[in-house]
Structures are given as structure tokens and as C-alpha cells.
Amino acid sequence: MADTLVLTGCVTDQRKLKVRMRREVSQQLARWKPGTELTVTIERKRATRSLLANSLYWVGYVKPFSDYTGYPPDACHEFFKRKFLPTQRFLVQDGDGVVLDEMEIAPTTTTLNNVEFSEYLMRITDWTADTFHGAVIVGSNQEAA
């Protein structure tokens, strides 16, 4: 028996939640005992960057920077993420909210939407232009989003 039920939906014109796959949701709920405690999270779906933007990043930014520095592309990607994206705090808390452990986790580009990804590319473009005195080492003249 699955302990997790993930569903999607949308807000209707009447500002109500319309759940997709209602039959499957009802079937799963019927499998759980009455009184089963649940956690319900409603999260707004975000558009992520396009495959074109991702290709532009790897071909027009990461690869030229890799060629310029001599570091492998994955190392250059890691450098860009750590330099231009904020780190996140990961907290482990007990039931009373007392922090038991915490650490910084590496930033990721996978959750950036088109606007955020374009801003990320612009920060890379600006930094490389300043640091390398105008040397063109990234594909900054193309549309990312």
C-alpha cells in the first residue's frame, strides 16, 4: 500500500481546486483507515526553463568557459552554481521545531524558471566580461528563455 499520493490540479474560475485523476485519488483514500493523519501541501506549479535554454547554457556558457579554463564542463557548471546561485539551508527539526542538525546544501539550476535562469546567465555574462576584460568566452548574445 502506497503511503504517498501525489496529485495535480488547477484553480477554477470560481477559485476552487479542481483535482485531476479524482477516481484514482478516491480509490487510494478508500485504502486508508478512517482517521489516518495526512499532510496536504498545495504548491504552485512553476515553469522550468526550456530544453533550448539548457542547451544554450551547456554549449554557449559552460563549454567555452571549460575550454578557456581547462577545467571539465561539470566542474565549470559546479563553479557557476556556487558562484551565482544562493546556497540553501537544510534543517532537521524534531516535532517541537527544535533544530537538531543543519547544513548548507549546494544550489541547483534544475528548479529555475525561465526568468530566473535568464538572470543566472546574465550574472555569468557580466562576471566573465568584467573578470576577463571583455574577452568573449560565453554565448551571451543569444536568447535563453
Show the residue pairs meeting these rules: Cβ distance below 9 Å; 6+ apart or different chains; first residue within segment 116-137 and at pLDDT 90 or above; second residue open to solvent by 40 Å² or more (accessible area, probe 1.4 Å) and part of a helix (DSSP H, G or I).
Phe117/Asn54; Arg123/Lys83; Ile124/Lys83; Trp127/Lys83
Tell me the helices (runs of 4 or more DSSP H) entirely within segment 1-98 that contain at least 2 residues that are within 18 Å of Leu121 (Cβ to Cβ) and in contact (Cβ under 8 Å) with a residue 60 or more places away in the chain.
51-56, 63-69
Scope segment 70-87; condition at pLDDT below 90 and surrounded by 10 or more Cβ atoms within 10 Å (Cβ to Cβ); matching residues
Thr87
Take Phe90 and decide whether it is of a type in the set (A, V, I, L, M, F, W, C) and either exposed (fewer than 15 other Cβ atoms within 10 Å of the Cβ) or modelled with pLDDT under 85 (or both).
yes
Mind telling me which of the residues Glu104, Glu119 ends up being within 19 Å of Ala53 (Cβ to Cβ) and open to solvent by 90 Å² or more (accessible area, probe 1.4 Å)?
Glu119
Any residue at all in segment 48-67 that's over 26 Å from the mean Cα position of the chain (by Cα) and on the phi < 0 side of the Ramachandran plot?
yes
Mind checking whether some residue in segment 13-32 is at negative phi, of a type in the set (Gly, Ala, Ser) and surrounded by 14 or more Cβ atoms within 10 Å (Cβ to Cβ)?
no
Taking segment 43-69 and keeping residues β-branched (Val, Ile, Thr) and open to solvent by 100 Å² or more (accessible area, probe 1.4 Å) leaves Val59
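Each row is one residue, and each column tells you yes or no for (1) under 15 Å from Gly60 (Cβ atoms); (2) among the β-branched types (Val, Ile, Thr).
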| site | (1), (2) |
| --- | --- |
| Asp74 | no, no |
| Leu85 | no, no |
| Gly95 | no, no |
| Thr108 | no, yes |
| Tyr120 | yes, no |
| Thr125 | yes, yes |
| Ala129 | yes, no |
| Phe132 | no, no |
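The values are calculated or read from the model by the stated rules, or taken from the named source; none is laboratory data. These figures come from a predicted structure and were not determined experimentally. We place every Cβ from the backbone using ideal geometry, glycine too, and count neighbours over all the protein chains shown. Areas reflect the complete protein model, heavy atoms only, side chains present, ligands, DNA and RNA absent. Shrake-Rupley method; radii C 1.70, N 1.55, O 1.52, S 1.80 Å.
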